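Q: The structure's right below; bear with me while I get my questions together.
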Amino acid sequence: MRPAMRVVSGIQPTGNLHLGNYLGAIVSWVKMQEEGECLFFLADLHAISMPYEPAELASATREMTAALIASGIDPDKAVLFNQSRVPAHAELQWLLCGTARIGWLNRMTQFKDKSGKNREGASIALFAYPVLQAADVLLYRATHVPVGEDQKQHLELARDIAEKFNFDTGTETFTLPEPYIGETAARIMSLRNGSAKMSKSDPSDMSRINLADDADTIAKKIRKARTDPEPLPESLDELNDRPEAKNLVAIFAALEQVAPQAILDRFAGKGFGDFKPALADATVATLAPISERFNALREDTDALDAILEKGAERAKALGTPVLADAYRALGLLSGR
């Protein structure tokens, strides 16, 4: 019997997780694993669509695994694996390329953003990236996929591909996934620019708080975070033109799991000299146990590989029958 909710979501292993990843996605993942069947994967196949260093990719995949587990993902509750251990992802992508249309992919805004001015020099993998994303979720007949604003278009494409495949083959091979609507995730911005998302690609390490940062480093980064000279106001509306201040309030609220207004109620009229030490204490209190566990886990590569392999076997058991159905629907004699 299939579960009422099967959630599939992935994250690229492009370096250590930071506070924005944790508050914006991983906290939600930890809650999801208590609500339904969840498959969480390290998207290492997606990572090769852009220039990369092979040795660094392998290391980053293990480090990201350690960070996810340290953050609360339980490999006994959720299926945790990396894509490349489940060849059916790439195999199904090719089958779906017969259904996906060039016109559909040409409308994908992320390809335009990532390829920049040199589209002719971009890889085919980057162009076909959304088809692999469709395969990632359709392979497991996911009922729900958590998506941010920048991924809604890709989920719509996955639904279009599934619908056309089913119609063309006269089957019900694939489930049309719905967006997962959970609690609104915190949108964490850079500590140096309140109008830009906190990102691991930012050249300034002072722009983000990494999950591996120690307490002194966290306190230093928050102390040096960009702000303005005005005291904190009484209402959120008064922060609309103060992006850096608004971001720090949002971070504090997310860490304390309260509404931003509750933070303003505590600090209204006070300056950042009072606010920042309290924010640093709250950040350290949340991240210290995560950082300690992460630093211990990432040294044990054999244990991490065993976790990923176990997760991959569970994923294969779920995905293999669906891939076989897709072959049969297309009239291919695969021997499956």
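Computed from the coordinates by the stated procedures, all read-outs in this text should not be read as laboratory data. Treat the numbers as computed from the prediction; the structure is a model and nothing was measured. Neighbour counts run over all protein chains shown; Cβ positions are idealised from the backbone, glycine included.
Q: Whose amide H sits under 5 Å from the amide H of V145, counting only residues 5 or more places off or on another chain, with H placed in the peptide plane?
A: Answer set, sorted by chain and number: E178, Y180.
Q: Place a +1 charge on the Cβ of each Lys and Arg in the chain and a -1 charge on the Cβ of each Asp and Glu, then give the dipole magnitude about the Cα centre in debye, rounded to the nearest 20.
A: Values: 38 positive and 46 negative charges, 141 e Å.
Value, rounded to 20: 680 debye.
Q: As I understand it, the value is the acute angle between the Cα axis of helix 88-97 and the longest principal axis of the Cα atoms of the chain; what does it come to in degrees, rounded to 10?
A: Compared with the principal axis, the helix lies near 70 degrees.
Q: For region 12-101, run through the GluC sites (Glu not before Pro) and keep only the ones in DSSP coil with at most 15 other Cβ atoms within 10 Å of their Cβ. Write out the running numbers ahead of the final one.
A: Values: sites: E34, E35, E37, E56, E63, E91; in loops: E34, E35.
Here the GluC sites (Glu not before Pro) that fit, given the DSSP loop and packing criteria, are E34, E35.
Q: Over region 70-137, what is the relative contact order in percent, taking alpha-carbon pairs closer than 8 angstrom and at least six residues apart?
A: 44 percent.
Q: Can you sort T175, T283 from fewest to most other Cβ atoms within 10 Å of each residue's own Cβ?
A: With the fewest neighbours first, T175, T283 line up as T175, T283.
Q: Let me check against my output: what whole-number percent is the relative contact order of region 205-296, with C-alpha pairs under 8 Å and at least 6 apart? Please report the intermediate quantities before stating the final value.
A: Numbers: 92 pairs, mean separation 36.1, N = 92.
Normalised by residue count, the contact order of region 205-296 is 39 percent.
Q: Shifting gears a bit: Springs between alpha-carbon pairs under 10 angstrom, Gaussian network model over the chain: which of K270, K221, K310 fluctuates most?
A: Per the Cα network of the chain with a 10 Å cutoff, K270 tops the list.
Q: Could I ask something else about it? Against the longest alpha carbon principal axis of the chain, how many degrees, from 0 to 90 and to the nearest 10, is the axis of helix 272-297 turned?
A: 40
Q: Taking only DSSP H segments of four or more residues, each worth -39500 (n - 2.57), what value at 222 nm results for the chain once the sum is divided by all its residues, to the nearest 500 deg cm²/dmol? Provide the component values of the computation, followed by the final result.
A: Working: 14 runs with 167 residues, N = 336.
Computed mean residue ellipticity for the chain: -15500 deg cm²/dmol.
Q: Rg (Å, one decimal) plus Dmax (Å, integer) for the alpha carbons of region 205-296?
A: 13.3, 43
Q: Counting other beta carbons within 10 Å of each Cβ, put S334, S199 in order, fewest first.
A: Values: S334 12, S199 15.
Listed from fewest to most nearby Cβ atoms, that is S334, S199.
Q: Here's a follow-up. Taking just the alpha carbons, could you work out the radius of gyration and Dmax for region 82-145, both in angstroms?
A: Computed over the Cα atoms of region 82-145, radius of gyration and Dmax are 12.6, 37 Å.
Q: Ranking S115, S190, S204 by Cβ neighbours within 10 Å, fewest first, what do you get? Present the calculation step by step, with values, prior to reporting the outcome.
A: Details: S115 16, S190 22, S204 10.
Least crowded to most crowded, the residues run S204, S115, S190.
Q: How are the alpha carbon pair distances in region 114-193 distributed across 10 Å bins from zero to the largest one, expressed in percent?
A: Pair shares across the bins are 16, 37, 30, 16, 2, 0.
Q: Any chance you could give the angle, 0 to 90 degrees and rounded to 10, that helix 54-70 forms with the longest Cα principal axis of the chain?
A: 70
Q: When you take every Cα atom in the chain, what is the radius of gyration, and what is Dmax, the widest Cα pair distance, in Å?
A: Expressed in Å, the Cα Rg and Dmax of the chain come to 21.4, 72.
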